[in-house]
Amino acid sequence: MDSTVEKGRTIQEAVNKALQKLNTTMENVDIQIIEKPGKKWLGMMAKPAVVKVTKIQKDETLNVEEREPEQNDNMTSGRAWVKGGNIFFEATEEAHPSIVPCAGIKLYKNGTIVHEETTLNQGDTVRIEPERTSEDGTFSVSVDDQKMAAFLTIIPGYSEEAKLVDQPPTTRLILKAVINRRAKPSISVQDVVNELQEKGIVYGVNQTAISSACLSDKRVEVKIAEGTPADKGHDGYVEFVIDIQTHRLKPKELPDGTVDFRDVKQIPTVKQGETIGIIHPPKKGKAGKTITGDTIPAMSVKEVTVKGKGIKVEGAIIRAEKSGAPTVQIRRQTVLIDVNEKYDHRGDVDMKSGNISFEGDVEISGNVRETMRVEAKEKLLIHGSVYEATVKAGSTLVVNKNVINSKLIVGMSDEREFEMLKQLEELGESVQIFRSAIEQLLRAQRQKRADVKPDMALIVRMTLVQRFSTLPKRVSFFADLVNESARFDSESKETARLLLGVFVKHDRSLLAHERIFVDIEEKLKRLKTEYEIKLQPFAVATLSSSQQSEIHCNGDVFLTGKGAYNTKIEARGKVHVNGFIRGGSIHSDESIRVREVGSAGGVETFLSVPAGKEIMIGHVMEDTVIQIGKKTYKFVTDRKNVRALLNEEGDIRLAYLEENV
């Protein structure tokens, strides 16, 4: 056994145990202190001392008069050799071997160090002294940004010692040495503990991991402390026990191009007194703790609030007060539940009947005539056509026949809210790019003149003029949109005020705040998230054909008949057209699928989707323009069965399908 690791109450006690086990004495060993004895810390008992004791080879002094007895006289006479790391030689009156020193070994002849080749004579003595080097280990403790974990990195030290290579007897012995390197663990547990205390790490310390890392003879990186994350708990919620989903309709196209919508009336219903849902209370979370002992508070949880018409809440049970169609809107912790009855209108909607506005479903057996207005809070079915009228539906709109010079709005409580979302998306992206440009300019200025305080108002004004000339106009448009309507809350108005102050008025008091651009970005992001939740696509608009009209839908749009002339379609879902699109424009937030686009007369038709979405066209004619993300493409020749999407480089790629679209 060449080495052993022992423990003791003191370092000397641990060393004595090791010497006894190795059956040697102090002068014949190398002692490495792995862990010093420690005091009680973090509730743990006092730590023992830990040492590693290793036997070492003693230097040999060789006398030339004592030659190795095993050698044959003919083999050794007048020669020198190395065996077992020691030098032997036999000089005679006629033969005198020589020795050439080597790096790593100090060679002494008759007590004097030798640097060059030397001749050995009878009576000479030779002594070698191997060179030894060593380097202590290093360690570091790092903490993550959240102070939830600490990591220990140890690079152990080492010691090196040269040893002669055995060589057979020769008249000229050129010494050769090899370097023996061994790890030298020199970091103690107490060293690491002291570093943890200095960094204020007092919680979640893994004593076993520290001890194991300190004993390693290789580089290690290990987690030695870990905090406890907070338990989030959950908010209150409503568990629905009935079918509340609005199922998408699948109208059947008849041979004459019209559509049979007889299945439209099959919607979810409840009976009076029937249970709609169960209210579950919130569950509180538990606080956590960082490795520095700081408390991580549990997230606050909220009760769920249930409101609506045609319902009553009895304790935790939600019941229908009347029979009808239930509709549900979940707006964070407010659940709106309405039980609506349907309104049936026989004949046309015209001057005689007056406009129609109803909180539930509406079914119209005839047409909607010129200048009339129909609004259904939920579903709207029109068996006839719509002529120069305005039609609004809360969730589903079906028009059996044609839509001519009219405006259809589906799933949109207020068009200004959708414009608000669009502006928030565009401004959020622009402000982020603007902030990056400003930060780059400030870094460059600090490198040149670190002692000069930058004039933020001037920098903002010049950057807007040179690179963002349209941004002030878009900010003013956003501010007008927000301030002209009482619908938008104080958060929206405050965001508009900050945008105007920075990008239009260049208010120095606002620009004096280092985080002003970050604050504006965060406000835009929060508002965008609120409106995305509020305006999630859910609606469906289905009609046969359209001419000179506008269709706005917070969801999917289906044209099942001949198609559309010079019609503007905006959908937050997908758009499917079984017929043609001639002139006008289509924008979909999901995908566009059209059988035929364009006209032989060269009337420009425009189709657009966001980046990552696709456009599929069965037959596309020249002068048709498509846009995906910010990339546009204009067809100069007719193409068939086209699938357009962005490639990895962000350019529009056209693929041609084998099957008809």
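Condition first: over 17 Å from GLY583 (Cα atoms), assigned to a strand (DSSP E or B) and open to solvent by less than 40 Å² (accessible area, probe 1.4 Å). Now tell me which residues in segment 617-650 satisfy that. ILE628, ASN641, VAL642, ALA644, LEU645, listed by residue number.
Looking at segment 186-207, which of the residues that are among the hydrophobic types (A, V, I, L, M, F, W, C) and more than 25 Å from LYS52 (Cβ to Cβ) is most open to solvent (accessible area, probe 1.4 Å)? Among residues in segment 186-207 that are among the hydrophobic types (A, V, I, L, M, F, W, C) and more than 25 Å from LYS52 (Cβ to Cβ), the one most open to solvent (accessible area, probe 1.4 Å) is VAL202.
Tell me, which residue of segment 331-351 that is at pLDDT 85 or above, surrounded by fewer than 17 Cβ atoms within 10 Å (Cβ to Cβ) and under 51 Å from the mean Cα position of the chain (by Cα) is farthest from GLY236 (Cα to Cα)? Out of the qualifying residues, it is LEU336.
Hey, among the residues in segment 280-313 that are over 17 Å from ASP338 (Cβ atoms) and not in a loop (DSSP other than H, G, I, E, B), which one's most open to solvent (accessible area, probe 1.4 Å)? Give the derivation first.
Going residue by residue through segment 280-313, those that are over 17 Å from ASP338 (Cβ atoms) are 280-303.
From what is left, the residues that are not in a loop (DSSP other than H, G, I, E, B) are 280, 283, 286, 288-289, 295-296.
Details: HIS280: 50, LYS283: 109, LYS286: 140, GLY288: 7, LYS289: 75, THR295: 96, ILE296: 44 Å².
My answer is LYS286.
Among the residues of segment 357-406, those that are closer than 20 Å to PHE538 by Cβ and in contact (Cβ under 8 Å) with a residue 60 or more places away in the chain comprise ASP361, LYS379, LEU381, ALA393, GLY394, SER395, THR396, LEU397, VAL398, VAL399.
In the condition set (1) without any contact (Cβ under 8 Å) to a residue 40 or more places away in the chain; (2) touching a Ser or Thr at 6+ places or on another chain (Cβ under 6 Å); (3) open to solvent by less than 10 Å² (accessible area, probe 1.4 Å), ALA496 is compliant with all but (2).
Do the conditions hold for ARG9, that is, is it of a type in the set (D, E, K, R) and at pLDDT 85 or above?
Details: of a type in the set (D, E, K, R): yes; at pLDDT 85 or above: no.
No: the conditions fail for ARG9.
Cβ separations smaller than 6 Å between residues 6+ apart or across chains give the following pairs from segment 459-474 residues that are more than 12 Å from ILE438 (Cβ to Cβ) to residues that are outside any helix (DSSP H, G or I): PRO472/VAL504. Checked across segment 525-539, the condition of being more than 30 Å from the chain's Cα centre (by Cα), at pLDDT below 90 and surrounded by 13 or more Cβ atoms within 10 Å (Cβ to Cβ) holds for no residue. Taking each residue of segment 217-243 that is of a type in the set (S, T, N, Q) and looking for partners that are open to solvent by less than 70 Å² (accessible area, probe 1.4 Å) and in a loop (DSSP other than H, G, I, E, B) with beta-carbon atoms closer than 9 Å, six or more apart or interchain, yields THR228/MET148; THR228/GLY204; THR228/ALA287; THR228/THR290.
Tallying residues that are out of contact with any helix residue (DSSP H, G or I) (no Cβ under 6 Å at 6 or more places or on another chain), of a type outside the set (Gly, Ala, Ser) and not in a loop (DSSP other than H, G, I, E, B) within segment 526-552 yields 13. Of all residues in segment 587-607, those satisfying the criterion of being surrounded by fewer than 20 Cβ atoms within 10 Å (Cβ to Cβ) and either outside any strand (DSSP E or B) or among the polar types (S, T, N, Q) (or both) are ASP589, GLU590, SER591, SER599, ALA600, GLY601, GLY602, VAL603, GLU604.
Scanning segment 17-38 for residues that are surrounded by fewer than 12 Cβ atoms within 10 Å (Cβ to Cβ) and under 13 Å from VAL5 (Cα atoms) yields one hit, GLN20. Is it true that some residue in segment 133-141 is buried (at least 16 other Cβ atoms within 10 Å of the Cβ) and either touching a Phe, Trp or Tyr at 6+ places or on another chain (Cβ under 9 Å) or in a helix (DSSP H, G or I) (or both)? For segment 133-141, residues buried (at least 16 other Cβ atoms within 10 Å of the Cβ) and either touching a Phe, Trp or Tyr at 6+ places or on another chain (Cβ under 9 Å) or in a helix (DSSP H, G or I) (or both): present. Here segment 419-458 is the region considered, the condition is being in contact (Cβ under 8 Å) with a residue 24 or more places away in the chain and over 28 Å from the mean Cα position of the chain (by Cα), and the residue that is farthest from ASP480 (Cα to Cα) is MET456. Figure legend. Inter-residue proximity from segment 269-295: first residues without any contact (Cβ under 8 Å) to a residue 24 or more places away in the chain, second residues of a type outside the set (Val, Ile, Thr), beta-carbon distance below 7 Å, spacing 6+ or different chains. Indicated pairs: THR295/ALA287; THR295/LYS289.
The set of residues from segment 170-185 being open to solvent by 30 Å² or more (accessible area, probe 1.4 Å) and not in a strand (DSSP E or B) comprises THR171, LYS176. Every test in (1) within 39 Å of the chain's Cα centre (by Cα); (2) among the charged types (D, E, K, R); (3) surrounded by fewer than 19 Cβ atoms within 10 Å (Cβ to Cβ) is passed by ARG572 save one, and that test is (3).
Per the listing GLN146, GLN122, the residue uniquely loosely packed, with under 15 Cβ neighbours inside 10 Å, out of contact with any Ser or Thr (no Cβ under 6 Å at 6 or more places or on another chain) and under 30 Å from GLU226 (Cβ atoms) is GLN146.
Restricting attention to segment 71-86 and to residues that are modelled with pLDDT of 90 or more and within 15 Å of VAL178 (Cα to Cα), the residue that is least open to solvent (accessible area, probe 1.4 Å) turns out to be VAL82. When segment 451-468 is filtered for residues that are more than 18 Å from PHE517 (Cβ to Cβ) and open to solvent by less than 90 Å² (accessible area, probe 1.4 Å), only VAL452 remains.
The values are calculated or read from the model by the stated rules, or taken from the named source; none is laboratory data. All values reported here derive from a predicted model rather than from experimental measurement. Every residue, glycine among them, receives a Cβ derived from its backbone with ideal geometry; neighbour counts consider all protein chains shown. Please note that ligands, DNA and RNA were not included when accessible areas were found on the heavy atoms of the full protein model with its side chains. Shrake-Rupley method; radii C 1.70, N 1.55, O 1.52, S 1.80 Å.
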